[in-house]
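Participant: My questions all concern the structure below.
The values are calculated or read from the model by the stated rules, or taken from the named source; none is laboratory data. Small disclaimer: the values here were computed from a predicted structure and weren't measured. Cβ placement follows ideal geometry from the backbone for every residue including glycine, while neighbour counts extend to all protein chains displayed.
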Amino acid sequence: MQTLVIYDIPNDRIRNKVAERCKDAGLQRVQYSAFLGDLNHNRREALLLMLKKTLGKYPGNIRLYPLCDKDLRLMKEIAVVVDKSDAKV
């Protein structure tokens, strides 16, 4: 099942560690503080425990959302890509 991990962590060091844990679990970054990937129940629970330990007593919020394939197919994306050669200085 696809798993979406989103987080809001003010501490740069802890935020970077959380991102590394998500990458180590095989998730792909979809935004600065969001990762998505296929995790079974056991791997999702293991990641949850690892992220909880990583956050420790630092302020922050981490959320894991299991997404079924049907819901994932309903996802929409709006993306604007700026060509840097067109940017005005």
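Participant: Between a first residue in segment 60-82 that is over 17 Å from L39 (Cβ atoms) and a second residue that is hydroxyl-bearing (S, T, Y) and at pLDDT 95 or above, which pairs have beta carbons less than 9 Å apart while being 6 or more apart in sequence or on different chains?
Facilitator: Note: pairs meeting the criteria are G60/Y7; N61/Y7.
Participant: Here's a follow-up. For N42, which of the numbered conditions (1) over 11 Å from the mean Cα position of the chain (by Cα); (2) closer than 21 Å to M1 by Cβ; (3) not in a helix (DSSP H, G or I) fails to hold?
Facilitator: That leaves (3) as the condition not met.
Participant: If you go through segment 28-44, how many residues are among the aromatic types (F, W, Y) and in contact with a strand residue (DSSP E or B) (Cβ under 9 Å, 6 or more places away or on another chain)?
Facilitator: Going through segment 28-44 one residue at a time, the tally reaches 1.
Participant: Something else now. How many of the residues in segment 69-89 are surrounded by 10 or more Cβ atoms within 10 Å (Cβ to Cβ) and either part of a loop (DSSP other than H, G, I, E, B) or among the aromatic types (F, W, Y) (or both)?
Facilitator: Of the residues in that region, 1 qualify.
Participant: Any residue in segment 44-57 that's polar (S, T, N, Q): show its pairings with residues that are in a helix (DSSP H, G or I) at Cβ separation under 8 Å, as long as the two are six or more apart or on different chains.
Facilitator: Going by the 8 Å Cβ cut-off, the qualifying pairs are T54/I14; T54/K17; T54/V18; T54/R21.
Participant: What residue, among those in segment 5-33 that are in a strand (DSSP E or B) and in contact with a Phe, Trp or Tyr (Cβ under 6 Å, 6 or more places away or on another chain), is farthest from R43 (Cα to Cα)?
Facilitator: Restricting to residues being in a strand (DSSP E or B) and in contact with a Phe, Trp or Tyr (Cβ under 6 Å, 6 or more places away or on another chain), the top hit is R29.
Participant: Quick one: would you say K52 is more than 30 Å from V80 (Cβ to Cβ) and either in contact with a Leu (Cβ under 7 Å, 6 or more places away or on another chain) or surrounded by fewer than 17 Cβ atoms within 10 Å (Cβ to Cβ) (or both)?
Facilitator: Against the criterion (more than 30 Å from V80 (Cβ to Cβ) and either in contact with a Leu (Cβ under 7 Å, 6 or more places away or on another chain) or surrounded by fewer than 17 Cβ atoms within 10 Å (Cβ to Cβ) (or both)), K52 qualifies.
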